[in-house]
1. Keeping to segment 319-338, report how many residues are crowded, with 22+ Cβ neighbours inside 10 Å and modelled with pLDDT of 85 or more.
2. Considering each residue of segment 235-259, count those that are closer than 14 Å to residue 216 by Cβ and of a type in the set (A, V, I, L, M, F, W, C), and give that number.
3. From the list 112, 145, which residue is within 15 Å of residue 68 (Cα to Cα), modelled with pLDDT under 90 and buried (at least 20 other Cβ atoms within 10 Å of the Cβ)?
4. From 147, 57, 81, 142, which residue is of a type outside the set (Asp, Glu) and touching a Gly at 6+ places or on another chain (Cβ under 6 Å)?
5. List the residue pairs whose Cβ atoms are under 6 Å apart, where the first residue sits in segment 74-91 and is under 16 Å from residue 141 (Cβ atoms) and assigned by TED's automatic domain parsing to the domain that holds residue 145, the second is β-branched (Val, Ile, Thr) and in a helix (DSSP H, G or I), and the two are 6 or more positions apart or on different chains.
6. For segment 150-158, check the following and say yes or no: at least one residue is out of contact with any helix residue (DSSP H, G or I) (no Cβ under 8 Å at 6 or more places or on another chain) and among the hydroxyl-bearing types (Ser, Thr, Tyr).
7. Is it true that some residue in segment 181-201 is assigned to a helix (DSSP H, G or I), at pLDDT 95 or above and in contact with a helix residue (DSSP H, G or I) (Cβ under 6 Å, 6 or more places away or on another chain)?
8. Confirm whether residue 134 is without any contact (Cβ under 8 Å) to a residue 40 or more places away in the chain, assigned to a helix (DSSP H, G or I), outside the structural domain of residue 218 (by TED's automatic domain parsing) and surrounded by fewer than 24 Cβ atoms within 10 Å (Cβ to Cβ).
Amino acid sequence: MKLTISDPGHFALKNAVRAAIVVPATFALGLKAFDLPQMALFGAFGSIGFLVFVDFGGTRRARLLAYLAVLAAGCVTIALGTLCSHTTWLAVVVMALVGFAILFAGVIDGYLAAASLVLILTFVLAAMVPADLGELPDRLAGWGLAGLFSLAAIFLLWPSRPPDRVRRGVAVAVEALAALLEAMGTAARAGGRPTALEEERLGELSEAAYETNAKARNAFVAIPHRPSGVGARTAAVGRLIDDLDWTEALAREEPAPASVSAGFAAERDAVEAVVPAALRRAAERLRSNDPGDNGRELRDLAEKHRAIGRAFLAEFVERRVSDDAKRVTAELNEAYRLRGLAYAALQIGRHAIQAAGGEAPREPTLVPDRIGLREGRRIAESNSRMGSVWFRNSVRGAAGLALAVLVAKVTDAQNGFWVVLGTISVLRSSALATGTTVVEAITGTGIGILVGGLIVVALGSEPGLLWAVLPFAVLLGAYSPRAISFTAGQAAFTIVVVVLFNLLNPVGWSVGVVRIEDVALGCAVSLVTGFLFWPRGAADVLRKSIGAAYETAARYLDTTIASMLGVREVGPIEPAAVEASEAALRLDETVREYLAENGSARRDVDALARLVGGATRVRRVARLLQDARTLVPLTPFTSQAAWVAAVCGPFDAEWKARRDWFETFGQTIAAGQEPPAPEPGAPARTAGPT
């Protein structure tokens, strides 16, 4: 097998060097300067947690606050773990509760999801290494020392962040859309038929927009262990992927001749000028990872978005039954295209600011990225159901951790915390994925025992030589999982364990044998848990999640249209909008998990992405119509215009047919049945719900 190292910019190496400095330093201070083994243990593993197990994105201030929050939360989990360390049943129960709380909290915010492993580490280490309450201050001192040294290294030693290839890919796709829209607007304003050269150029730009969009989407779903909490910057990038799919379909639609939009020509020119500019500004933010002024240009874009709606509606109410129906339809389609483009650019601008760590102007029907207690409670309640992948993974993880604690305590494992850490390191969302990771974990641990044992045998019992080797062992342990592979990381981390524990208690290479025994126990627990709790993983709820997204989006659209027309009593639109948004977020989590655990599914990622994108488009059409409703109510038309009454019947029939089709589509997908056939002659690619 060929060894492949992937570390562009050497950011993984720089982080490993930080760990190689901090971990030995905190360990030496606790063990040699203060002669407190508990302080040394928590200092070393705390430093590994801060520098290897967690990596926060965002602005410098947001990252600092996140690390400080982890430092404070770690004090609580260490105290809880220490209180449980002598009582088996209490340790099992508290592990289940704490494990579920930590894992499930990640759905509320991406920082909580990113911090889950290090917080679990602190509790497990405290609970599985028995200690009296009198030793709690030593443990907290080690943890605090680890936090102090780690934060100093993170923010002072190579503080620059690695470039995000996914964000850059999205930026390229956004710029490609801006170039296409600019060229199409120029050609439309010129009038007449484009020349062969212009058509060729437009074709190239259209193809580039499609290809860059596909590349950005595929790169995003390829990210392993993606946080998808609604407050995560990564989640904002995920919403940008949806934005791109929606906008790219709109952008590839051919604009109507300038004569069609004569009644709102000035507003059309304004939209066609400001949309590409806003897209380019969004691309700049993604490239620089800087939110800048948090969207000053979006206010102008929002005004242009509203202005074209007002202008078209002002002209529309003057129409008479004798007017050319085809021309009215063309005007309506063009106004929808322009308004859709402006709305899409607003969404891309907002989400680009969020992805860069800024405060975007709030979008009413989407969950904001900065969430309070009320929103957090609503999101948690939305995911507190068996159909939520996040809920299932949290239950599975908590059960696995609790079972691992029980096994380690009952078998009196020598270093029982390795049993629990072995469980959490290989437990995945499906039995098949867990089984694959088990093989990798045991293989890597075996290699680490062999290499670590050879090092201990070669160096003998001389502690000075072991101290000299420790920084290099930590360097390899921190570098391997990020730049090489999970197996290499397990091997390197085992070497760190062998060296570290021989400095605490010189027992030779046998400590490695103890580790592989404990890891094997943890892997066995993971396999049992994986087979007992939803062994099919995300695949078990994927169809239902897709179906729910379509059904809720259809209800949202139906409620919005009914409210606009006043044809029947309907409730407020916002609950339907929130319901559709929550279903979309749950689907997003399910799809990401499904792709992460099913490598073969990546071959069909485009088909799956388009299926998911269909629900997103229905929801966004509803959002666009909801915004139009705030401009002017349409209910007076029924009593004032005879020509409107003449088309009410056909419109109502089309409306019902569209609603029923999407609801039936969602229901059949969820049930695993044959979906309804599309309309005869329906285009293969469309921007709206047809």
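The values are calculated or read from the model by the stated rules, or taken from the named source; none is laboratory data. Because the structure is a prediction, the values reported are computed rather than measured. Virtual Cβ from ideal backbone geometry, glycine too; neighbours counted across all protein chains shown.
1. 1
2. Going through segment 235-259, the residues closer than 14 Å to residue 216 by Cβ turn out to be 236-248.
From what is left, the residues that are of a type in the set (A, V, I, L, M, F, W, C) are 236-237, 240-241, 244, 246.
Number satisfying all stated conditions: 6.
3. Working: 145 fails: modelled with pLDDT under 90.
None of the other options fit; the residue is 112.
4. Details: 147 fails: touching a Gly at 6+ places or on another chain (Cβ under 6 Å); 57 fails: touching a Gly at 6+ places or on another chain (Cβ under 6 Å); 81 fails: touching a Gly at 6+ places or on another chain (Cβ under 6 Å).
Going through 147, 57, 81, 142 in turn, the sole match is 142.
5. If the second residue must be β-branched (Val, Ile, Thr) and in a helix (DSSP H, G or I), the pairs left are 74/122; 77/122; 78/122.
6. Within segment 150-158 (the criterion being out of contact with any helix residue (DSSP H, G or I) (no Cβ under 8 Å at 6 or more places or on another chain) and among the hydroxyl-bearing types (Ser, Thr, Tyr)), the answer is no, since none of the residues qualifies.
7. Going residue by residue through segment 181-201, those that are assigned to a helix (DSSP H, G or I) are 181-190, 196-201.
If we keep only those that are at pLDDT 95 or above as well, we get none.
Scanning segment 181-201, I find no residue that is assigned to a helix (DSSP H, G or I), at pLDDT 95 or above and in contact with a helix residue (DSSP H, G or I) (Cβ under 6 Å, 6 or more places away or on another chain), so the answer is no.
8. Against the criterion (without any contact (Cβ under 8 Å) to a residue 40 or more places away in the chain, assigned to a helix (DSSP H, G or I), outside the structural domain of residue 218 (by TED's automatic domain parsing) and surrounded by fewer than 24 Cβ atoms within 10 Å (Cβ to Cβ)), residue 134 qualifies.
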